[in-house]
Amino acid sequence: MAIPTSTSGAAVHAAGIPSPSAPSDPVGVLALQGDVREHLAILNGLGVDARPVRTAGELAVCAALVIPGGESTTMARLIEAFDLEAPLRRAIAGGLACLTTCAGTILLARVIEDGLPGQLAFGVLDLTVRRNAYGGQQASFEAALDVPAVGSEPVRVAFIRAPTIESVGPTVEVLACHDRRPVAVRQGRHLALTFHPEITGDPRLHALFLRGLEARPGAGAPTG
Ligand code: GLN
């Protein structure tokens, strides 16, 4: 399905990025915590059949999944309470591609520093992340990031009690840095961000994720 001509589509074109063709299967947004509505709105604006996911059945029909930010320790508890840990592990091992933001990136990382003892880490992304590395809520900030993969116009995003990415594995591609630290990375078809693009509403990172689904079919499985 082609992206309809819309304000968000125009922004993608203005950045010189070819329109992604939206996947015909639904794209889920894990709807346990965080900016679910904002992610759904951006995906809908890009022509995607985007749906909230709270059950294994809802997950099973999705071609890809957005895991929003929030609080990784709380999200981990909710994933357990909603019996989603095993279905998520199975789906990701089977090639489900994930777009993760902030707490979502923490959840999928291989190593979490400053996590709670025994904090759930799916170990999908070959990253070491440090929770709350910039400080608490008052240390949250907005920034205009250079992300060459989405065009020359900087992307305005919000860092909210964000983690830092302390190190990345060899299969991880760094797409953007802030203060010389990676903040947007790609591993196979997974796209992981330490910030929130949905708050400022720029659709280009979601569009990049969708393009990756088409361009790199089946490459989203974990490497380790
Ligand atoms: N500090 C949060 C955590 O540890 C993440 C914050 C966010 O997702 N905005 O999970």
Shape of the range 106-207, Cα gyration tensor, a/c cut at 1.5 = oblate
ask   = What is the fewest-to-most order of ARG89, ARG130, ARG180 by other Cβ atoms lying within 10 Å of their Cβ?
value = ARG180, ARG89, ARG130
ask   = Under a point spin-label approximation (7 Å from Cα along Cα-to-Cβ), what is the ARG77-ARG37 distance to one decimal in nm?
value = 2.4 nm
inquiry  = Give me the tail of P(r) for the range 7-215 as a percent: Cα-Cα pairs with distance above 28 Å.
reply    = 19 percent
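Only the coordinates and a few stated rules stand behind these numbers; no lab work does. Everything numeric in this text was worked out from a predicted model, so none of it was measured. Virtual Cβ from ideal backbone geometry, glycine too; neighbours counted across all protein chains shown.
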